[in-house]
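Engineer: Got a structure for you, questions after.
The values are calculated or read from the model by the stated rules, or taken from the named source; none is laboratory data. Just so it is clear, the model here is predicted, and its values are computed rather than measured. No Cβ is skipped: glycine too gets one built from the backbone with ideal geometry, and neighbour counts run over all protein chains shown. Ligands, DNA and RNA are stripped out before the accessible areas are found, and what is left, the full protein with its side chains, is counted by its heavy atoms. Shrake-Rupley method; radii C 1.70, N 1.55, O 1.52, S 1.80 Å.
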Amino acid sequence: MKTGLIMEGGALRGLFTSGITDIMMENGIEFDGAIGVSAGAAFGCNYKSRQIGRAARYNIKYCRDKRYFGMRSLLFTGNLFGVDFCYHEIPEKLDIFDSEAFNNNPMEFYVVCTDIETGKPVYKKCDKVDENFLDWIRASASLPLVSQIVEVDGYKLLDGGISDSIPLKYFESIGYTKNIVILTQPKGYVKEKNNMMPIIRRVLKGYPLMIKAIENRHNMYNDTLRYIEEKEAAGEILVLRPEEALPIKRTSRDLEKIKQVYEIGRQTGMKNIDIIKDFLAD
């Protein structure tokens, strides 16, 4: 039996996930493997490097920094989140990512991206920090319209949430049978159709299968939620989610809301820590 942690994306809603995972790390919770999508990958990699509080720390410190994200970056680089600042300055100089701890931790770590030529998910196992590691993390979190296509290892990639927002089925398929799923939307949430499709069709006109995947994303997502709820009702997985919609948009410079979402995550983690321990020990 392998224990797994599945982390949904949601941009700054991912700080809810970080609050929970920080509590789990503080309580010595270990997993055989973890998989993250978008912000779930960008923030979740800190679980393998065992850096408690890191994701919240740099988001709080740099949320109002124009180098981190903003329209200026989007206009001049094609990326809402500044690539050099987010994926080089921060992890290499300002809030250093512990590559040695990441490499030495035996926990498997996967990220999910979407291949824009096929519209299908790509599941990348990232056990070591190499020259392409941060490119895979960036690709997983690269939202259409506000991000450049990321080319790495022969793939052309964008946001993993397009093709597999909550990769529980994939983790089950590779042998993870005892899974905790962290969602960033409350119970009862239903994803609606993407109202940006006219623009997306123009921008991605050379990639019809990617357009089709984005058109179908809400159906895929809602089907996955139904599957998760069935598994949850049967007691086969443990799901952690906010009790109500988180008080933040996907992107925000509101420092208090960022702190609030992280704190909601911590409170959720503390409230459920004994349930988490019992579930993994059962």
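Engineer: What number goes with the only condition from (1) in a loop (DSSP other than H, G, I, E, B); (2) open to solvent by less than 20 Å² (accessible area, probe 1.4 Å); (3) of a type in the set (Val, Ile, Thr) that Ile20 does not pass?
Structural biologist: (1)
Engineer: Further question: Looking at Ile199, Ile182, Ile258, Ile273, which is the one that is among the β-branched types (Val, Ile, Thr), more than 18 Å from Asp164 (Cβ to Cβ) and within 18 Å of the chain's Cα centre (by Cα)?
Structural biologist: Ile258
Engineer: Here's a follow-up. Could you give me the residue pairs with C-beta distances under 6 Å whose first residue belongs to region 139-168 and is in contact (Cβ under 8 Å) with a residue 60 or more places away in the chain and charged (D, E, K, R), whose second residue is surrounded by fewer than 19 Cβ atoms within 10 Å (Cβ to Cβ) and part of a loop (DSSP other than H, G, I, E, B) wherever it lies, and which are 6+ apart or on separate chains?
Structural biologist: From residues that are in contact (Cβ under 8 Å) with a residue 60 or more places away in the chain and charged (D, E, K, R), the pairs are Asp159/Leu143.
Engineer: Only one of (1) open to solvent by less than 50 Å² (accessible area, probe 1.4 Å); (2) under 20 Å from the mean Cα position of the chain (by Cα); (3) without any contact (Cβ under 8 Å) to a residue 40 or more places away in the chain; (4) under 23 Å from Gly160 (Cβ atoms) fails for Pro247. Which number is that?
Structural biologist: That leaves (4) as the condition not met.
Engineer: Let me confirm something: among Asp278, Asp164, which residue is more than 30 Å from Lys66 (Cβ to Cβ), charged (D, E, K, R) and open to solvent by less than 40 Å² (accessible area, probe 1.4 Å)?
Structural biologist: Asp164
Engineer: Can you confirm whether region 23-31 contains a residue that is buried (at least 22 other Cβ atoms within 10 Å of the Cβ), of a type outside the set (Ser, Thr, Tyr) and in a helix (DSSP H, G or I)?
Structural biologist: Within region 23-31, one or more residues are buried (at least 22 other Cβ atoms within 10 Å of the Cβ), of a type outside the set (Ser, Thr, Tyr) and in a helix (DSSP H, G or I).
Engineer: Considering each of Gly188, Gly154, Gly235 in turn, give the residue that is open to solvent by 30 Å² or more (accessible area, probe 1.4 Å), farther than 30 Å from Met270 by Cα and small (Gly, Ala, Ser). Walk me through it before giving the result.
Structural biologist: On the way: Gly188 fails: farther than 30 Å from Met270 by Cα; Gly235 fails: farther than 30 Å from Met270 by Cα.
The match here is Gly154.
Engineer: For region 191-211: of the residues being outside any loop (DSSP other than H, G, I, E, B) and basic (Lys, Arg), which is least open to solvent (accessible area, probe 1.4 Å)?
Structural biologist: Here the residue is Arg201.
Engineer: Out of everything in region 222-232 that is more than 22 Å from Thr21 (Cβ to Cβ) and not acidic (Asp, Glu), what residue ends up being least open to solvent (accessible area, probe 1.4 Å)?
Structural biologist: The qualifying residue least open to solvent (accessible area, probe 1.4 Å) is Asn222.
Engineer: I've got another one for you. Taking Lys259, is it open to solvent by 60 Å² or more (accessible area, probe 1.4 Å), at pLDDT 95 or above, among the charged types (D, E, K, R) and touching a helix residue (DSSP H, G or I) at 6+ places or on another chain (Cβ under 8 Å)? Talk me through it step by step, then tell me what you get.
Structural biologist: Details: open to solvent by 60 Å² or more (accessible area, probe 1.4 Å): yes; at pLDDT 95 or above: yes; among the charged types (D, E, K, R): yes; touching a helix residue (DSSP H, G or I) at 6+ places or on another chain (Cβ under 8 Å): yes.
Yes.
For every residue, the table says whether it meets (1) at negative phi; (2) among the hydrophobic types (A, V, I, L, M, F, W, C); (3) modelled with pLDDT of 95 or more.
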{"site": "Arg138", "(1), (2), (3)": "yes, no, yes"}
{"site": "Ile162", "(1), (2), (3)": "yes, yes, yes"}
{"site": "Ser165", "(1), (2), (3)": "yes, no, yes"}
{"site": "Ile174", "(1), (2), (3)": "yes, yes, yes"}
{"site": "Gln185", "(1), (2), (3)": "yes, no, yes"}
{"site": "Glu215", "(1), (2), (3)": "yes, no, yes"}
{"site": "Asp223", "(1), (2), (3)": "yes, no, yes"}
{"site": "Glu244", "(1), (2), (3)": "yes, no, yes"}
{"site": "Ile248", "(1), (2), (3)": "yes, yes, no"}
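Engineer: So, in region 70-114, of the ones that are in contact with a Gly (Cβ under 6 Å, 6 or more places away or on another chain) and open to solvent by 10 Å² or more (accessible area, probe 1.4 Å), which residue ends up modelled with the highest pLDDT?
Structural biologist: Of everything passing the filter in region 70-114, Glu108 is modelled with the highest pLDDT.
Engineer: A further question on this structure: Given Glu172, Glu215, which one is of a type in the set (D, E, K, R), surrounded by fewer than 21 Cβ atoms within 10 Å (Cβ to Cβ) and under 19 Å from Gly36 (Cβ atoms)? It would help to see each step written out before you state the result.
Structural biologist: Working: Glu215 fails: under 19 Å from Gly36 (Cβ atoms).
Glu172 is the lone residue from the list that is of a type in the set (D, E, K, R), surrounded by fewer than 21 Cβ atoms within 10 Å (Cβ to Cβ) and under 19 Å from Gly36 (Cβ atoms).
Engineer: Taking Phe43 and the conditions (1) farther than 19 Å from Met270 by Cβ; (2) out of contact with any strand residue (DSSP E or B) (no Cβ under 6 Å at 6 or more places or on another chain), which numbered condition does it fall short on, given that it satisfies the others?
Structural biologist: (1)
Engineer: While we're here: Taking into account only those residues within region 139-190 that are among the β-branched types (Val, Ile, Thr) and in a strand (DSSP E or B), which is nearest to Ile214 (Cα to Cα)?
Structural biologist: Among those residues, the one meeting the criterion is Val150.
Engineer: Still on this structure: In region 42-69, what residues are of a type in the set (A, V, I, L, M) and open to solvent by 70 Å² or more (accessible area, probe 1.4 Å)?
Structural biologist: Residues of region 42-69 that are of a type in the set (A, V, I, L, M), as a first pass: 42, 52, 55-56, 60.
Passing the criteria: only Ile52.
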